[in-house]
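Heads up: the structure comes next, in structure tokens.
We did not get these values from a lab; they are worked out from the coordinates using the rules stated. Only a predicted model underlies this, so the values are computations on that prediction, with no experimental measurement involved. Cβ coordinates were reconstructed from backbone atoms using ideal geometry, including for glycine residues, and neighbour counts include every protein chain displayed.
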């Protein structure tokens, strides 16, 4: 995850181009993250090749959130500019024939010139999945983190409320974060257990690099303390990354949903398909 960058002055496509948006889901295990890289497979490269083939010209894809290596998405939103005229169904079906099996286009539509996948977003939701049982899983090893010691989801939920609101999240900021400000606003944080799965869902206006994975690692640690809520509040107030927990593995993290003003008509993803074989809702 990457912090919000400076907003460029001109967000719209050139006059002769149209702006398209699309909704994607993907399993990130085989990729070195979203962003194009010279010596490693990236999601951006695969998506640009697929849509470029359908458009019959090279194009650049902009995403709502640049996920890290191994991170998945149930609702990644992208946009690109093209002079090609295709039906929405043709963009979806055509791109899917050119994409590998672990990336899928779910929806596409032409957008107003003012739409921007990143800067038009109101909020983003990430969900982290933990398989919490004594035995590891062969089926979900790339779709959820495995924690063998018992987790108290109710205690983690109570502690997590210390993070609600706008704060300086320096204690949960990755060392490679390039954001100019560590302040973010968490609107919702929910921890719940369904059977062997512990789910941690966080909604915020934006996220710092590794912020969700660092929060998850910290919740796993503080749930064993005598006063988890106070412990998490002290870590937040310290603004010191060394006081927080270890970074949770990438395999459990999903970009769950990106929300936009209703006028753009971006649909919510079908979350039931996000990770086959794992209970998500």
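Some notes on this structure:
- With respect to the chain, whose longest principal axis is taken over its alpha-carbon atoms, helix 88-98 is tilted by about 70°.
- Gaussian network model of the chain, springs between alpha carbon atoms under 10 Å - residue of 193, 136, 173 with greatest fluctuation: 136
- For the pair residue 98 and residue 176, a Förster radius of 35 Å applied to the C-beta separation gives a FRET efficiency near 0.65, rounded to the nearest 0.05.
- Of [x] 0.94; [y] 1.07; [z] 0.98, the label for Rg/Rh (Cα atoms, Kirkwood Rh) derived from the coordinates: [z]
- With respect to the chain, whose longest principal axis is taken over its alpha-carbon atoms, helix 211-222 is tilted by about 20°.
- Counted by neighbouring Cβ atoms within 10 Å, the residues 256, 107, 34 run from fewest to most as 107, 256, 34.
- Cα-based shape type of the stretch 30-100, given that a ≥ b ≥ c are square roots of the gyration tensor eigenvalues and the cut on a/c is 1.5: prolate
- Whole-number percent relative contact order across the chain, with pairs defined as alpha carbons under 8 Å at least 6 apart: 23
- The ranking of 176, 259 by Cβ neighbour count inside 10 Å, starting from the fewest, reads 176, 259.
- Per-residue ellipticity at 222 nm from helix content only, as computed over the chain with -39500 (n - 2.57) for each DSSP H run of at least four residues, stands at -6000 deg cm²/dmol.
- Stretching residue 109 away from residue 88 to a fully extended chain increases their span by 7.0 nm, per 0.36 nm per residue minus the current alpha-carbon distance.
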